[in-house]
There are 2 protein chains.
Amino acid sequence: MADLISPQVLKGFRDSLPQQELPKKELMKRLETVFESFGFVPIDTPALEYTEVLLGKGGGETDKQVYRFEDHGGRDVSLRFDLTVPFARFMAAHASEVPLPFKRYHMAKVWRGENTQRGRYREFVQCDFDIVGTDSAAADFEILLMMTRAMDVLVDGKAVIRLSHRGVFNQFLASLGAEGKSVQVLRAVDKLAKIGADEVRKLLLESVAPDGAEKILAFIGARGDFLSVLEQLESLSGGEGDGSRRLKALHALASELGNAGRFVLDPSITRGLDYYTGIVYETFLEALPGLGSVMSGGRYDNLAALYTKQELPGVGASVGLDRLMAGLEELKLLSTAAKSEVLVLAGEGAHAQALAQKLRAEGLNAEVYLDDRKVAQQYKYAEAKGIRFVAQTNPLQYKDTVTGEVKAGLSPSDFRAWVRASTQGGLG
Amino acid sequence: MADLISPQVLKGFRDSLPQQELPKKELMKRLETVFESFGFVPIDTPALEYTEVLLGKGGGETDKQVYRFEDHGGRDVSLRFDLTVPFARFMAAHASEVPLPFKRYHMAKVWRGENTQRGRYREFVQCDFDIVGTDSAAADFEILLMMTRAMDVLVDGKAVIRLSHRGVFNQFLASLGAEGKSVQVLRAVDKLAKIGADEVRKLLLESVAPDGAEKILAFIGARGDFLSVLEQLESLSGGEGDGSRRLKALHALASELGNAGRFVLDPSITRGLDYYTGIVYETFLEALPGLGSVMSGGRYDNLAALYTKQELPGVGASVGLDRLMAGLEELKLLSTAAKSEVLVLAGEGAHAQALAQKLRAEGLNAEVYLDDRKVAQQYKYAEAKGIRFVAQTNPLQYKDTVTGEVKAGLSPSDFRAWVRASTQGGLG
């Protein structure tokens with residue numbers, strides 16, 4: 001007999017056991033319901049693509065993290081590292097086949113060979129939703145509304161959406177004469193929450209003069225209600241512009257809908273990535289602001305410029321599902337409820353399946369114990385799986401293992417009513 | 001400006017547009033509901049694993065098809081080519097953390113660098129469900145019941161499940177003195193439906209004597225009702241054995257539950273794979289038997305033998321989602337219904353989103369048109385997306401684009417009732 005192979009997974013990868021997979025699927029289902037209620041449709045793209053398609057022709061920061069290899073046909077291929085680049089390629093290939101503006105969502109795995117020391121994983125799920133083919137304020141606003149709905153269904157609305165506008169920031173940099181330094185400045189500013197103003201100042205001084213650094217810190221430090229912050233930003237950047245007008249329009253829409261209080265104008269939000277051109281958003285759990293953003297995004301001018309001459313402006317956001325789950329776990333908000341509602345003890349012949357079948361027909365999730373074991377062991381199994389009710393076929397009776405109550409001879413529909421009454425108010 | 005990059009996908013890979021992704025998600029959701037109603041729980045495993053974990057220490061037939069490469073850390077890694085091997089590794093790693101018998105489902109992508117000429121894809125979804133940790137007939141029977149339920153919800157029950165038992169076949173081969181040839185014989189027999197009896201005879205003659213080949217053809221050609229076929233098999237294989245007793249037990253359970261008519265005992269079903277040891281199943285659509293099996297599986301003795309000394313007998317099946325979808329498309333049974341139920345035309349300020357928000361609160365999927373375009377163009381968008389109802393805010397009215405009927409001033413709940421009454425009976 002050969003030696004055993006160690007059943008280990010790769011560093012940075014992990015199995016998802018039912019107690020992790022059930023809440024993950026539940027969160028994704030809730031998101032899907034929100035996306036669909038706004039008319040968004042799902043797409044999928046291959047996990048593996050031509051490296052040139054994913055990385056373009058140049059080399060960049062992310063390139064080192066990409067899982068890249070040569071396939072059987074000698075092609076240079078890579079695993080996708082996000083869902084945005086494949087979406088850009090998708091739009092270039094299919095723009096004529098989908099109605100524009102195209103509202104799509106995509107929830108799927110991506111892979112990055114990142115340093116795992118900071119608690120990062122090399123395989124994770126992204127949940128992206130975007131509107132492509134329009135640069136209207138209505139589209140920016142719809143993404144904002146979806147973000148608030150997503151937070152409603154995921155964390156009961158206990159989250160703050162912070163937003164800003166890259167156009168306003170660029171206008172401000174231009175007024176400083178620092179437009180050529182925007183990449184370095186953005187990277188420094190993006191670290192404010194993590195490293196504080198003093199460290200950001202040091203980073204800024206690497207690319208701008210001292211008085212420029214102070215003005216940048218004043219800009220990103222502006223605080224107050226939406227319109228007063230906006231006024232400060234306009235005065236710091238030399239007056240009204242397209243960006244500040246867009247922010248005003250969004251604020252007016254939100255006020256009209258009565259939810260302007262859900263958004264904070266925060267000029268320190270810039271998103272590190274250089275493809276954003278308009279509004280940018282980040283989302284923080286009220287109870288765990290230090291967790292970082294759990295849902296981020298923004299507007300970009302030209303999604304698919306690498307692949308097509310067709311201009312496709314868009315706006316979207318992405319839920320960081322793993323970070324969100326880590327936060328919910330810390331807050332003890334992660335539902336780990338079993339899906340099975342009743343365990344039918346092993347019985348004679350097909351009696352157990354016959355009863356379970358009747359219970360399933362009533363809409364209950366009914367599981368049968370499949371081995372001829374002692375009743376105590378079967379109860380232990382129910383406990384291990386978190387199944388509250390236990391049924392036996394001979395004589396027919398049901399037990400609520402939480403209260404200890406036993407009822408004999410109930411009809412399937414009466415049993416169903418008992419289960420529903422007992423578990424009411426519990427989260428899915 | 002750099003040259004454009006061609007937005008092409010790799011050979012054997014494909015994008016899933018909403019019209020493909022929506023029905024795929026719908027089929028998966030229905031399967032999930034069946035799995036959960038039987039108390040099955042979901043797991044996930046990494047797409048990428050150590051090559052040794054996936055391929056073992058030897059080399060085999062599948063090895064050439066595996067996407068295998070060296071990662072950044074110099075590890076020999078591969079993309080999973082099925083969900084069974086990762087599940088075996090998972091069970092070896094987590095057997096003490098999950099309640100046994102463990103009933104799990106796993107729906108995820110797998111990758112094989114197969115020859116694409118036969119219409120095969122290199123990336124596809126598998127939907128596996130298994131019970132591990134028991135060798136009871138009750139478990140074999142539960143998988144059979146789940147298969148019938150799956151066919152109920154996927155194709156309205158219009159499918160035939162053909163089953164057989166590898167133990168009976170092995171006993172028969174032993175009675176011929178051909179047990180050493182079982183792999184070759186199984187591979188030949190597995191081709192019966194595809195190439196016919198004459199070609200199978202030729203293949204059999206490569207490994208057994210002429211009278212042996214005739215007996216094998218008689219064995220796999222046995223037809224009739226379940227018990228009479230079973231009698232023929234017993235008499236051909238030298239009498240009753242564990243395998244035929246198990247088949248009798250399953251038939252008795254099915255008869256008790258009144259669904260024995262859903263299963264055909266077909267000794268030509270053997271499954272090519274050599275890890276099956278007990279019952280084996282295949283499933284054929286009544287309207288498209290030539291499509292091949294859309295759901296197959298069987299019992300195996302020792303799932304995780306490569307990784308652990310713990311014996312883990314199991315039984316399970318896998319839905320071939322891509323083949324099933326191809327079949328449903330051919331039969332025009334693939335639902336392509338839009339998820340959006342109403343398009344709200346662009347309006348002044350936030351009026352359109354305000355109305356859509358009220359409709360969503362009624363449980364409707366309500367989409368807003370986000371650009372300030374001519375009404376005719378907005379209607380065209382609704383048509384392209386297959387959205388039946390159109391709403392406008394000023395004055396408030398709703399139109400059913402199928403009947404042309406217009407209603408003004410309805411309350412959101414009255415509109416909802418109208419939508420539901422108009423679309424009743426439609427699938428998912």
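Each value in this text was obtained by applying a stated rule to the coordinates, not by laboratory testing. This one's a predicted model, so the numbers in the text were calculated from it and none came from an experiment. Note: ideal-geometry Cβ built from the backbone for every residue, glycine included; neighbour counts use all protein chains shown.
Please find, among residues of chain B, the one with the beta carbon closest to the rotation axis relating it to chain A, distance in whole Å.
Looking at chain B's Cβ atoms against the axis toward A, the nearest is B:F69, 2.
About the Cα centre, and with charges only on the beta carbon of Lys, Arg (+1) and Asp, Glu (-1), how big is the dipole of chain A? Nearest 20 debye, please. Display every interim value, and only then the final one.
Numbers: 52 positive and 57 negative charges, 161 e Å.
The calculation lands at about 780 debye.
Subtract the Cα-Cα distance of A:L227 and A:A174 from 0.36 nm times their separation in residues, and report this length gain in nm to one decimal. Don't skip to the answer; put the middle values down first.
Values: separation 53, 0.36 × 53 = 19.08 nm, distance 2.24 nm.
Once the chain is fully extended between A:L227 and A:A174, it gains 16.8 nm.
Springs between alpha-carbon atoms under 10 Å, Gaussian network over chain B: tell me which of B:S164, B:S268, B:S411 tops the mean-square fluctuations.
Result: B:S411 has the largest fluctuation of those listed.
Ordered shortest first, which distances in nm separate the 7 Å Cα→C-beta label point of B:E179 from those of the other copies?
8.4
Among the listed pairs B:K29/B:K399; A:K399/B:K29; A:K57/A:K109; B:K248/B:K309; B:K11/B:K191, which are separated by more than 26 Å between their Cα atoms?
Numbers: B:K29/B:K399 31 Å; A:K399/B:K29 30 Å; A:K57/A:K109 24 Å; B:K248/B:K309 31 Å; B:K11/B:K191 28 Å.
Distance filter (> 26 Å) returns B:K29/B:K399; A:K399/B:K29; B:K248/B:K309; B:K11/B:K191.
Restricting the count to DSSP beta bridges whose residues both fall in segment B:304-428, what percent are antiparallel, rounded to a multiple of 5? Walk me through the intermediate numbers first.
On the way: 8 of 14 bridges.
Roughly 55 percent of the beta bridges in segment B:304-428 run antiparallel, per DSSP.
Would you calculate a helix-derived [θ] at 222 nm for chain B, using -39,500 (n - 2.57) for each DSSP H run of n ≥ 4 and dividing by the full residue count, to the nearest 500?
-12500 deg cm²/dmol
Count, for each residue of A:16-24, the Cβ atoms from other chains sitting within 10 Å of its Cβ, then give me the mean as a whole number. Walk me through the numbers before you get to the answer.
Details: counts 7, 10, 12, 3, 3, 7, 4, 0, 2.
Across the residues of A:16-24, the mean count of other-chain Cβ atoms within 10 Å is 5.
List the chymotrypsin sites (Phe, Trp or Tyr not before Pro) within segment B:238-311 that fall in a DSSP loop (any state other than H, G, I, E or B) and whose Cβ has at most 16 other Cβ atoms within 10 Å.
Details: sites: B:F263, B:Y275, B:Y276, B:Y281, B:F284, B:Y300, B:Y307; in loops: B:Y275, B:Y276, B:Y307.
Answer by residue number: B:Y275.
At A:L410, label 7 Å along Cα→Cβ: distances to the other copies, nm, ascending?
Taking the point 7 Å beyond Cα along Cα→Cβ, the inter-copy spacings are 3.9 nm.
Which whole-number percentage describes the relative contact order of chain A, with Cα contacts under 8 Å and a sequence gap of 6 or more? Could you put the intermediate results ahead of the total?
Values: 648 pairs, mean separation 60.9, N = 428.
After rounding, I find 14 percent.
What is the magnitude of the charge dipole of segment A:342-423 about its Cα centre, with +1 placed on the Cβ of each Lys and Arg, -1 on the Cβ of each Asp and Glu, and no other charges, expressed in debye to the nearest 20? Write out the running numbers ahead of the final one.
Numbers: 11 positive and 9 negative charges, 29 e Å.
Once rounded to the nearest 20, the dipole reads 140 debye.
Suppose every Lys and Arg Cβ carries +1 and every Asp and Glu Cβ carries -1, with no other charges. What dipole size does the protein assembly as shown come out with about its Cα centre, to the nearest 20 debye?
Values: 104 positive and 114 negative charges, 77 e Å.
I would put it at about 380 debye.
Restricting to bridges with both residues inside chain A, how much of the DSSP beta-bridge set is antiparallel, in percent to the nearest 5?
Values: 47 of 58 bridges.
Antiparallel: roughly 80 percent of the beta bridges in chain A.
Round to the nearest 0.05 the FRET efficiency obtained for A:N115 and A:A209 when R0 = 35 Å and r is the Cβ-Cβ distance.
On the way: r = 34 Å, r/R0 = 0.97.
For R0 = 35 Å, the calculated efficiency reads 0.55.
I'd like to know which of B:Q357, B:Q377, B:A417 lies farthest towards the positive end of the charge dipole of segment B:342-423, counting +1 on Cβ of Lys and Arg and -1 on Cβ of Asp and Glu.
B:A417
Can you work out the FRET efficiency for the pair B:N394 and A:S235, with r the C-beta to C-beta distance and R0 = 30 Å, to the nearest 0.05? Intermediate results must be reported in sequence, preceding the final value.
Working: r = 37 Å, r/R0 = 1.24.
Efficiency for this residue pair is about 0.20.
May I ask you to list the residues of segment A:369-412 whose amide nitrogen lies under 18 Å from a point 7 Å from Cα along the Cα→beta-carbon direction of B:D152?
From segment A:369-412, the list is A:369, A:412.
At A:K191 and B:K374, where each label point lies 7 Å from the Cα along Cα→Cβ, what is the point-to-point distance in nanometres?
My value for the distance between the label points is 5.5 nm.
Put a point 7 Å out from Cα along the line to Cβ at B:P395; what are the distances to that point in the other copies, in nm, shortest first?
6.8
Looking at B:A249, B:T270, B:A213, which one has the Cα that reaches farthest to the positive end of the dipole of segment B:159-282 (charges on Cβ: Lys, Arg +1; Asp, Glu -1)?
B:T270
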